[in-house]
Amino acid sequence: MPGFELFGAEERKHVNDVLETGIMMRYGFDGPRKGIWKAKELEQAMCTKLGCQYTQLVSSGTAALTTAMSALGIGYGDEVIMPAFTFVASFEAVLSVGAVPVLADVDDTLTLNPEAVRKVITPKTKCVMPVHMCGSMSDMEALLQICKEHNLLLLEDACQSFGATYKGKYLGTIGDAGTFSFDYVKTITCAEGGAVVTNREDVYINSDGYSDHGHDHKGVDRGADLHPFIGYNYRISELHAAVGLAQIGRLEEFLSKQRTNHAQLKAILSQVPEVSFRRVPDPAGDSCTFLCWFLPTAEITKAVVAELKAQNILPGNFYWFDNNWHYIRKWDHLKEVKTLNALHPDLKAAIQQQANKDFSVSDAIMSRCICTLISLLWTEQQVKEKGEKIVSAIKKVLAHQSISA
Ligand SMILES: Cc1ncc(COP(=O)(O)O)c(C=O)c1O
């Protein structure tokens, strides 16, 4: 997901615009900033690009999730349904607003399985939060239908999928709100940053205030702003927004390189009949940050991972099943509710229940899956060499398996 791979003159120009005025805060200082409003400009550019009404930039994707949940009124007593395969930030954000993360199985899209969502809906469910993992998307039609039937909010964690679309609509703009991360390893980067996007005016106004101590931002004098509710500081700086402004201008270039390299690598891996690929609900909308592929069994997959490691080509190939950040299996700190501060006993008990849940359906999918990160810098020759090395590692393992069978 590497916008940072192509980083240069445009980024420097926008950062220098800010350094020349010395105004690094996104609000206020109207005179000395001499018309330089990088955060506002990036928000406008995002609305134009994504075709949504409102964008609120914040300091990270995690902050965007917390802000969106607060803006949607999610809090104590509420349950948020989220997938067992995501990034720890998704459940951190649910906890940060005092709600309960309810984990549900993923399917072969590597995102929320709509049928699994139906099974965990309770009278306390307030929101369904699909996470569009690894550049591709959830089955949004099915999830929208469920939310409609049960009158639930739909919050899209699109942190990993900026620029991807589903049936012509940008991910993040389909539900009540969506979030993006612009941290250092995302499709485009601000170094650190994030955004809430929405078509709901109330959600935007809440996000705008919540991410800046509850300020109503109605005048030009910050000291005279009113505070209709309590907020926090999740502001983005002008320097970070400046980087993002340069990067969004290059989004199509990034996506096009990703799609080309992804297609070439997929064609090479397709030569192995035992390899199958992640289901993408709308293939035309895949941002192609990763190529995710399956092998027939967990045993074969583990052997292929070991072979890739032995051949020194594992970096860039992710076996999420064994990863500490992305999959429920290794989230012991969540299961054991290891917080620094005391939690409400109801919340603690509800989280502990997650520890005993059966995720064997997700295990059966994740244990057979390897995702290969797509680089913007690869040449055609490099993709060929990389693909051929992976294919030879797979074939070696398969040959060994058939001999020992
Ligand atoms: C799915 C998902 N959600 C949220 C986040 C959090 O974004 P950030 O690192 O900007 O806080 C990430 C970051 O990797 C992510 O992958």
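Here are some notes:
- Total residues in segment 365-391, condition open to solvent by 50 Å² or more (accessible area, probe 1.4 Å) and either closer than 17 Å to V106 by Cα or modelled with pLDDT under 95 (or both): 2
- The set of residues in segment 50-69 that are within 16 Å of the ligand (Cβ to nearest atom) and not in a strand (DSSP E or B) comprises S59, S60, G61, T62, A63, A64, L65, T66, T67, A68, M69.
- Residue tally, condition open to solvent by less than 80 Å² (accessible area, probe 1.4 Å), part of a loop (DSSP other than H, G, I, E, B) and within 16 Å of the ligand (Cβ to nearest atom), over segment 317-336: 3
- Filter result for the condition that a residue is touching a helix residue (DSSP H, G or I) at 6+ places or on another chain (Cβ under 6 Å), open to solvent by 10 Å² or more (accessible area, probe 1.4 Å) and closer than 17 Å to T66 by Cβ, over N206, N233: N206
- All positions within segment 187-199 that are open to solvent by 30 Å² or more (accessible area, probe 1.4 Å) and either within 12 Å of the ligand (Cβ to nearest atom) or touching a Pro at 6+ places or on another chain (Cβ under 6 Å) (or both): A191, E192
- Candidate set from segment 104-131 (those that are in contact (Cβ under 8 Å) with a residue 40 or more places away in the chain and within 16 Å of the ligand (Cβ to nearest atom)); member that is farthest from D286 (Cα to Cα): C127
Every residue, every condition in (1) on the phi > 0 side of the Ramachandran plot; (2) outside any helix (DSSP H, G or I); (3) out of contact with any Leu (no Cβ under 9 Å at 6 or more places or on another chain), yes or no:
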position: L343; (1), (2), (3): no, yes, no
position: D346; (1), (2), (3): no, no, yes
position: S375; (1), (2), (3): no, yes, yes
position: S392; (1), (2), (3): no, no, yes
position: Q401; (1), (2), (3): no, no, yes
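- Evaluating S287 against the criteria (1) open to solvent by 10 Å² or more (accessible area, probe 1.4 Å); (2) in contact (Cβ under 8 Å) with a residue 24 or more places away in the chain leaves one unmet condition, (1).
- Count of residues meeting criterion [more than 12 Å from the ligand (Cβ to nearest atom) and either under 22 Å from G209 (Cβ atoms) or open to solvent by 10 Å² or more (accessible area, probe 1.4 Å) (or both)] in segment 82-95: 1
- In segment 70-81, the count of residues that are under 27 Å from H150 (Cβ atoms), in a strand (DSSP E or B) and within 16 Å of the ligand (Cβ to nearest atom) is one or more.
- Answer residue from segment 297-338, given it is farther than 16 Å from K396 by Cβ and acidic (D, E) and is nearest to the chain's Cα centre (by Cα) among those: D322
Yes or no, residue by residue, for (1) of a type in the set (A, V, I, L, M, F, W, C); (2) modelled with pLDDT of 95 or more; (3) farther than 20 Å from I188 by Cβ:
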position	(1), (2), (3)
A63	yes, yes, no
V102	yes, yes, yes
D105	no, yes, yes
K124	no, yes, yes
P130	no, yes, yes
H150	no, yes, yes
Y170	no, yes, no
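- Single condition Q311 does not satisfy, out of (1) farther than 30 Å from V94 by Cβ; (2) modelled with pLDDT of 95 or more: (2)
- Options Y166, Y210, Y204, Y170; residue that is over 18 Å from G231 (Cβ atoms), out of contact with any Lys or Arg (no Cβ under 8 Å at 6 or more places or on another chain) and of a type in the set (F, W, Y): Y166
- Here R250, R200 are screened, and the one residue that is touching a Phe, Trp or Tyr at 6+ places or on another chain (Cβ under 9 Å) and either among the aromatic types (F, W, Y) or closer than 30 Å to L155 by Cβ (or both) is R200.
- Candidate set from segment 163-186 (those that are in a strand (DSSP E or B) and within 13 Å of the ligand (Cβ to nearest atom)); member that is most open to solvent (accessible area, probe 1.4 Å): D183
- Tallying residues that are modelled with pLDDT under 95, assigned to a helix (DSSP H, G or I) and not charged (D, E, K, R) within segment 1-47 yields 3.
- Filtered residues of segment 255-280 (kept if open to solvent by 70 Å² or more (accessible area, probe 1.4 Å), in contact (Cβ under 8 Å) with a residue 24 or more places away in the chain and either of a type in the set (S, T, N, Q) or assigned to a strand (DSSP E or B) (or both)): Q271
- Among the residues listed as G98, G51, G61, the single one being farther than 27 Å from N323 by Cα and in contact (Cβ under 8 Å) with a residue 12 or more places away in the chain: G51
- Some residue of segment 153-161 being farther than 20 Å from V185 by Cβ and crowded, with 24+ Cβ neighbours inside 10 Å: yes
The values are calculated or read from the model by the stated rules, or taken from the named source; none is laboratory data. All figures in this text were calculated on a predicted structure; none of them were measured in a lab. For neighbour counting, all protein chains shown are included, and Cβ atoms are generated from backbone atoms with ideal geometry for every residue, glycine included. To get the accessible areas, we keep the full protein, side chains included, count just its heavy atoms, and leave off ligands, DNA and RNA. Shrake-Rupley method; radii C 1.70, N 1.55, O 1.52, S 1.80 Å.
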